[in-house]
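Working notes, structure below.
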Amino acid sequence: MKKLGCFLLILLIFSPLAQSQKTITGTIENSEMDAPVEFANVFLQSNQSRGVLSNQEGKFSFRLYANELQDTLVISRLGYSTIFLPIEELEEEIVVQLKENIFSLDAITVLSKDGIVDIFKRAVNKIPSNYGSSKYFLKGFYQDYTISDGAYAELIECFINIKDKTYSNPKYKSKMWLKEMRRSDDQKNLPPRIEKFVTGRNSIYPLYELWNSTRSRRFHFFFKPASMYDKYAFYNLGEYSENGDTLLKIGYQMKQFSDRTENNGFATGEVIIRKSDSAFLKVTSGDPSAGSYKISTYHKVGNKYYPRSIEWFSQFKYNQKTRTFARKSALYFFDTTDKIAGNKGKRMNREKDLRDFNYTYKEAFWRNNEVLLNVDAPKALSSDLGRTKDLSKQFEENQRKRKKIE
């Protein structure tokens, strides 16, 4: 027993958890306006698998070990200049201001219509070589909320693991595991004919596989036939500068729609393409200003690109346009790796509604979560969802209900 005790003591002393630590707590802001930069990626320059996300208030907390104190903290968000901060020079509490890096339209390169189309075609054709790898895992945070008649009606949040592979065959189905989950009461009060379109299946799979634009069959093949390009008009909308590279912003719209703001799925949208390797960094379908859109963004890890975020938002009127319903689903990724150490979580059935999953609500996990620093729900959301009872009570009671059912 003495030998075992000594071994455990030595193991504890030399484990990363026993090393001296430094926790950096920060707030990320837009340098041009008094606004937080939410869901920005904060990671180590030498090890991108060690990172966190800023929350809805732009806040983050990053615990570092002794062997990481000579590293550099990288803070990035598409549309902003990337910041590199030597950790040894940082205080324990910092405020970081990110500067938007959009050039004025006056500074763009003049491209012919054929030139813009060629750039778009090249990016589509390079999807199989630019994205994914033979096998990889993504660690992600999923958030889904609905607004019914102007009031928040339901909230679901999950931490998940996703297994996927190269994008050369978009018919390949991903695999997902649920790590943590919490959800509020369902107060949507929708008629059955509409409710069946909102519930019934796992909503994370279609968000990842269909609205992940470089992966989905719709985007992967949509512009493949040469004739399809003739049905669209393309626009040069500007340029970005990122770490010495040029990013081109291109808009597209089906010619049969004269109004560019008309929203009809793939009828209109915008993309951001990195000029040096013809990679899509951002794909927007629909029109955010019109209220319904899909947005997917990507970043480079090693020599391949992987999704950074996927967002889908839709709203509509019903009951003779007297009632409104809106829903937003989003996936934010904080790690890309070739394997998951330890327990992946509970395998997720793609045909099973998230509301029917048996899970354990761990209040301490959500309160002390290091990946996405916990923030109180926005006042409007908390007030709306908590109009019947406290939101934290709903999280607890809903997981107990599932356990009783199963």
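Within the straight-line cut-off of under 12 Å between alpha carbons, the aspartates and glutamates reachable from residue 393 are 185, 363, sequence neighbours fewer than 8 places apart in one chain being disregarded.
Can you figure out the FRET efficiency of residue 360 with residue 300, using R₀ = 35 Å and their beta-carbon distance, to the nearest 0.05? The formula returns an efficiency of 0.45 here.
Once you have a ≥ b ≥ c as the square roots of the Cα gyration tensor eigenvalues for the range 274-359, tell me rounded if a/c is under 1.5, and otherwise prolate or oblate according to whether a/b is larger than b/c.
In terms of gyration-tensor shape, oblate.
For residue 96, the accessible area of its heavy atoms, probed at 1.4 Å with every protein chain present, is near 10 square angstrom.
Let a ≥ b ≥ c be the square roots of the eigenvalues of the Cα gyration tensor of the range 119-189; is it rounded (a/c under 1.5), or, if not, prolate (a/b larger than b/c) or oblate? Verdict is oblate for the range 119-189. In plain terms, the chain from residue 275 to residue 337 could stretch by 19.7 nm, reckoned as 0.36 nm per residue minus the Cα-Cα distance.
For the range 171-216, the gyration tensor built on C-alpha atoms gives an oblate shape. Its axis ratio a/c (a ≥ b ≥ c) is at least 1.5, and a/b is not larger than b/c. The calculated FRET efficiency for residue 198 paired with residue 228, based on their beta-carbon distance and R0 = 25 Å, is about 0.20. Which entries in 139/165; 196/401; 59/99; 59/346; 126/165 show an alpha-carbon gap greater than 25 Å? From the list (139/165; 196/401; 59/99; 59/346; 126/165), the Cα-Cα distance tops 25 Å for 59/346.
Counting Lys and Arg as +1 and Asp and Glu as -1 over every other residue whose Cβ lies under 14 Å from the Cβ of residue 339, the net charge comes to +3.
Applying 1/(1 + (r/R0)^6) with r as the Cβ-Cβ distance of residue 47 and residue 89 and R0 = 22 angstrom yields a FRET efficiency of 0.70.
Dipole magnitude for the range 326-369: about 80 debye, using +1 per Lys or Arg Cβ and -1 per Asp or Glu Cβ, origin at the Cα centre.
The values are calculated or read from the model by the stated rules, or taken from the named source; none is laboratory data. For clarity, every value in this text was computed on a predicted model and none was experimentally measured. We place every Cβ from the backbone using ideal geometry, glycine too, and count neighbours over all the protein chains shown. Please note that ligands, DNA and RNA were not included when accessible areas were found on the heavy atoms of the full protein model with its side chains. Shrake-Rupley method; radii C 1.70, N 1.55, O 1.52, S 1.80 Å.
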